[in-house]
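Undergrad: Have a look at this one before I ask anything.
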Amino acid sequence: MLERFRITKLAAGALLALTLAAAARAEPALPPEVASLLARAKLPADALAAVVLETRPDRAPLLAWRADAPVNPASTLKLVTTYAALDRLGPDFRWQTRVYSDGPVRDGTLLGDLYLQGGGDPKLVSERLWLLLRRVQGLGIGRIAGDIWLDRSAFALPETDPGAFDGEPLKPYNAAPDALLINYRSQLFGFTPDTEAGVARVTLEPPLAGVEWPASVPLETTRADDPQACGDWRGALRADFSDPLHPRFAGRYRAACGAREWPIAHPEPARLAERAVAGLWQSLGGQLDGQVREGRVPPQARLRLSFESPPLAEVVRETNKYSNNVMAQQIFLTLGQAGREGTPTGLPEARLALESWWQDKLGPTARLPELGNGSGLGRDVRLSACALARLLQQAWNSGLMPDLAASLPASGVDGTLRRSALEIGQAHLKTGSLRDVQALAGYVHGANGQRRVLVAIVNHPEARAAKPALEALVRWAAQQQP
């Protein structure tokens, strides 16, 4: 029975693919308003690839425009990575960060070394690292007579230039994955105005050992009722991050901005984990006689505790709602680990795992996507609107629909669609945006309760101008009668 169901599912997918291909060859006209808005933005119609489907797989497509063309999907590729993870790993999958020691504990002192072994947890942020170290102290360890070793061997990744993609090495979206990923490899500066003292108090999370930052910066007072009073507050700070150990702010903080946060990727990304572990251990009152170093857990070390991540479904929600690139890469690499526990995993293994899943879902003749690092952050990523729409249709009709759909930004409500011009709650859509890509993919909700799959991807040097046309396509999809 199960095999018959699988054959029937593949047959339905093949039929849909043939229908989409036929529709694409027929080149149906784009909805007039969409075509008009593309023309107004000086974008050719063939810059757009779009598919609109009913969620039921036995219906003809409502629209198939350049459906089979391989295009750069930008961050809508995260839908492939996250759906594959939910399907292969399960919504309740949890990463493990393991703690080992190689000596006895006497009178609150570990007479040996402590080891933190990363398992790829995307959510080992400052507060969770704090909790992990508190649990270490709960083992009766207040002082470590040896070293703390960081084992990052679960992922086999070459060192990369964080500025290689767009020359912005301090942007958090350029952070690279890490088996022991601490705080997304980023640091967070907080600014809180103290008008009585005439300064803004400055905080840094996580506290980084060896890093000294100004405790305050002068305030710039402006009229609170001036809508431009806050403006480019980051530029007004005149920040200098060239020295990773001594960040400086030569300007002023604008009082009208209220409390703000500024996340930046650590200027020395490979050193963030050791500085964060040392800094947090010290802030908890822990003593460390040695240093924080990198190295593998030795065979004689004893497992002391295993620290679980939040469930995959929760991680997927944050990944898709806020289009977090490094979280998507962590998930992608974890797919490559399945069945290879104890063996370092890199991008080749992750791509092979996802390609195998892809063919299982779409059939052995389906064109393989070009996946890059699994996040969509790349110029050489390729995927067709037809294939992505078929995956979304399958997801809707699976038991994973609630988890995947809930992870998508809701128009006018949250995530990357919080400021959308679409009607509130009209659609749940993953966004994608690069210098030459503008994309939407997900589910549109009709006025009479219909649900539609929509994929719309623009590849063009002026792709950002396509936003009104894509929003018009969403409205058109919502208005179509079944």
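Undergrad: Would you mind checking the range 451-482 for residues with the amide N under 15 Å from a putative spin-label position 7 Å along Cα→C-beta of ALA35?
TA: So the set is 473.
Undergrad: Moving on to the next point. What is the angle, in °, between the Cα long axis of helix 312-321 and the longest principal axis of the Cα atoms in the chain? Nearest 10 is fine, range 0 to 90.
TA: 70 degrees
Undergrad: Hey, another quick one. Please report the carbon-and-sulfur percent of the accessible area for the range 337-443; probe 1.4 Å, protein heavy atoms only, DNA, RNA and ligands left out.
TA: On the range 337-443, the fraction of accessible area on carbon and sulfur atoms equals 51 percent.
Undergrad: Using a 4.7 Å Cβ cut-off, which Cys residues in the chain lack a partner cysteine?
TA: Result for the chain is CYS386, no neighbouring Cys Cβ within the cutoff.
Undergrad: So for each of 311-317, 411-417 I average, over its residues, the number of other beta carbons within 10 Å; can you give me the resulting order with the highest mean first?
TA: Taking the mean over residues of other Cβ atoms within 10 Å, the ranking is 311-317, 411-417.
Undergrad: Still on this model: Excluding ligands, DNA and RNA, what is the solvent-accessible area per residue of the chain at a probe of 1.4 Å, expressed in Å²?
TA: Result: 44 Å² per residue.
Undergrad: Calculate, in nm to one decimal, what ARG143 and ASP380 gain on full extension: separation in residues at 0.36 nm each, minus their alpha carbon distance. It would help to have the intermediate numbers written out before the result.
TA: Working: separation 237, 0.36 × 237 = 85.32 nm, distance 4.93 nm.
Stretched fully, the ARG143-ASP380 segment lengthens by 80.4 nm.
Undergrad: Turning to a different aspect of this structure: Calculate, in nm to one decimal, what GLN479 and SER306 gain on full extension: separation in residues at 0.36 nm each, minus their alpha carbon distance.
TA: My answer for the length gained is 57.2 nm.
Undergrad: Go ahead and run the numbers for FRET between ARG293 and ASP240, Cβ-Cβ distance against an R0 of 35 Å, rounding to 0.05.
TA: With R0 = 35 Å, the Cβ-Cβ based efficiency is 0.75.
Undergrad: Also: Would you compute, from DSSP H runs of 4+ residues alone, the mean residue ellipticity of the chain at 222 nm, taking -39500 (n - 2.57) per run and dividing by the full residue count, rounded to the nearest 500?
TA: On the way: 12 runs with 146 residues, N = 482.
Using -39500 (n - 2.57) per qualifying helix, the result is -9500 deg cm²/dmol.
Undergrad: Let me ask you something else. Of LYS42/LYS467; LYS430/LYS467; LYS321/LYS361; LYS78/LYS361; LYS123/LYS321, which pairs sit farther than 18 Å apart, going by alpha carbon to alpha carbon?
TA: In this structure, LYS321/LYS361 exceed 18 Å between Cα atoms.
Undergrad: Rounded to the nearest 0.05, what FRET efficiency do ARG88 and GLU168 give with R0 = 22 Å and r taken as the Cβ-Cβ distance? Could you check?
TA: Taking R0 as 22 Å, the efficiency between ARG88 and GLU168 is 0.10.
Undergrad: What's the carbon and sulfur percent of the range 68-175's accessible surface, probe 1.4 angstrom, rounded to a whole number? Walk me through the numbers on the way to the answer.
TA: Numbers: 2040 of 4130 Å².
Using a 1.4 Å probe with all protein chains present, the range 68-175 comes out at 49 percent carbon and sulfur.
Undergrad: In addition: Report, to the nearest whole %, how much of the accessible area of the range 176-280 belongs to carbon and sulfur atoms, 1.4 Å probe, protein only.
TA: Carbon with sulfur: 47 percent of the solvent-accessible area.
Undergrad: Considering only C-alpha atoms, what is the centroid distance from the range 432-449 to the range 78-150, in Å?
TA: After rounding, the separation between the Cα centres reads 37 Å.
Undergrad: Between 0 and 90 degrees, rounded to the nearest ten: what's the tilt of helix 467-479 against the longest Cα principal axis of the chain?
TA: Orientation of helix 467-479: about 60 degrees from the principal axis.
Undergrad: So how do 31-38, 165-172 stack up, highest first, on mean other-Cβ count within 10 Å?
TA: Most protected by this proxy first, the peptides run 31-38, 165-172.
Undergrad: Another question, if that's okay. Starting with the highest mean, order 386-397, 469-480 by the number of other Cβ atoms within 10 Å, averaged over the residues of each peptide.
TA: Taking the mean over residues of other Cβ atoms within 10 Å, the ranking is 386-397, 469-480.
Undergrad: Another question, if that's okay. Over the Cα atoms of the range 27-155, what Rg and Dmax result, in angstrom?
TA: 26.5, 78
Undergrad: Moving on. For GLU220, list long-range residues whose amide hydrogen, built 1.01 Å from N in the peptide plane, is under 5 Å from its own amide hydrogen.
TA: TYR253, ARG254, ALA255
The values are calculated or read from the model by the stated rules, or taken from the named source; none is laboratory data. None of the values given here were measured: they were computed from a predicted structure. As a convention, Cβ positions derive from the backbone with ideal geometry for all residues, glycine included, and neighbour counts pool all protein chains shown. Surface accessibility is based on the protein's heavy atoms, side chains included, excluding ligands, DNA and RNA. Shrake-Rupley method; radii C 1.70, N 1.55, O 1.52, S 1.80 Å.
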